[in-house]
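The values are calculated or read from the model by the stated rules, or taken from the named source; none is laboratory data. Keep in mind the model is a prediction, meaning the values are calculated, not measured. Glycine gets a Cβ as well: all are built from the backbone with ideal geometry, and neighbour counts include every protein chain shown. The area values use the complete protein model at the heavy-atom level, side chains included, leaving out ligands, DNA and RNA. Shrake-Rupley method; radii C 1.70, N 1.55, O 1.52, S 1.80 Å.
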Amino acid sequence: STCQDSRALIAVERSGEALIPVAPVPPPVVTPDGTVIEPPRWRKQPQPDFPRRAMAAGIETGAVEVFCDVTRRGRPRDCRALSETPEGYGFGRAAVRATERARLMPRRVDGVAQSSTIRFTIRYRMED
């Protein structure tokens, strides 16, 4: 499987309802031999809640870099937080849980779905 760095940044308001990708979906790539490769893209984005532990501590922002395998059916699997800032307040756990409930359009090579991987960042911001 090939790693697709979607470079998606997902912003989450306090309610967890507003998810805003701030990077466009990369276009399909055509290799010199004419193979068309479409990277995975979100069909149902992660919708993580702002962690209660962070709210209780007065923390207003956080970020998690997430890495997942993606099945040929577009299901994220074996997701993990590669980094979490600040650590210990539940941002990583919330991001991984939400990502595992999300769905993607799988990577396609010449129209055939393939398993792949994704890497992206979820940024949290407490709204007033």
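Rolling a 1.4 angstrom probe over the stretch 35-85 with all protein chains present gives an accessible area of which 41% lies on carbon and sulfur atoms. For Met126 and Val25, what does the FRET efficiency come to when R0 = 30 Å and r is the distance between their Cβ atoms, rounded to the nearest 0.05? After rounding, the FRET efficiency stands at 0.60.
A 1.4 Å probe over all protein chains sorts Tyr89, Tyr124 by accessible area into Tyr89, Tyr124, starting with the largest. When Met126, Met55 are compared by accessible area of protein heavy atoms, the largest-first order is Met55, Met126, using a 1.4 Å probe.
Name the shape class, rounded, prolate or oblate, that the alpha-carbon gyration tensor gives for the stretch 20-128, where a ≥ b ≥ c are the square roots of its eigenvalues, rounded holds for a/c under 1.5, and otherwise prolate holds if a/b is larger than b/c and oblate otherwise.
prolate
Less than 5 angstrom separates the built amide H of Ser115 from those of Arg72, all sequence-distant by 5 or more or on a different chain.
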